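Just so you know, all these numbers are worked out from the coordinates, no wet-lab data involved. Keep in mind that this is a model prediction, so the values were computed, not measured. In this analysis, Cβ positions are derived from the backbone assuming ideal geometry, glycine residues included, and neighbour counts consider all displayed protein chains.
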Amino acid sequence: MNDQYIKVAKLKGQLAWHAHADEDELFLVMRGRLRIEFEDHAVELGEGDFLTVPRGVRHNPVADEECWIVLIETVTTKHTGDVHTDRTRSLQEQLA
């Protein structure tokens, strides 16, 4: 929608510390709990809560238990931004 992807995902564990230099990223929790860690604090999100991570801000999404989310992000957003880990997925893998 308007150069944005609306993605539905299940998370468990932590993704990776990363940033998106040119894109904001919105997390909406549908089920469970999600913690977004920042370098100087963390934000706990529950069902129905959302948070926009501003472009350029390093963050690490963590779900201690399975969490269902909706992500809204620009089509150019790389999964783990400026880092590559074994959990990084290409856009094709994410949309499959």
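Around GLY32, what is the net charge, scoring Lys/Arg as +1 and Asp/Glu as -1 over all other residues with Cβ under 12 Å from its Cβ? Cβ neighbours under 12 Å give a net charge of -1. Ordered by the count of other Cβ atoms within 10 Å of each Cβ, fewest first, LEU45, LEU34 give LEU45, LEU34.
Dipole size of the chain about its Cα centre, with +1 on Lys/Arg Cβ and -1 on Asp/Glu Cβ: approximately 300 debye, rounded to the nearest 20. Annotation: amide H of GLU23 within the under-5 Å range of GLY56, sequence separation 5 or more or interchain, hydrogens built in the peptide plane.
By other beta-carbon atoms within 10 Å, ranking VAL70, VAL8 with the fewest at the front produces VAL8, VAL70.
Taking all Cα pairs closer than 8 Å and separated by 6 or more residues, the relative contact order of the chain comes to 41 percent.
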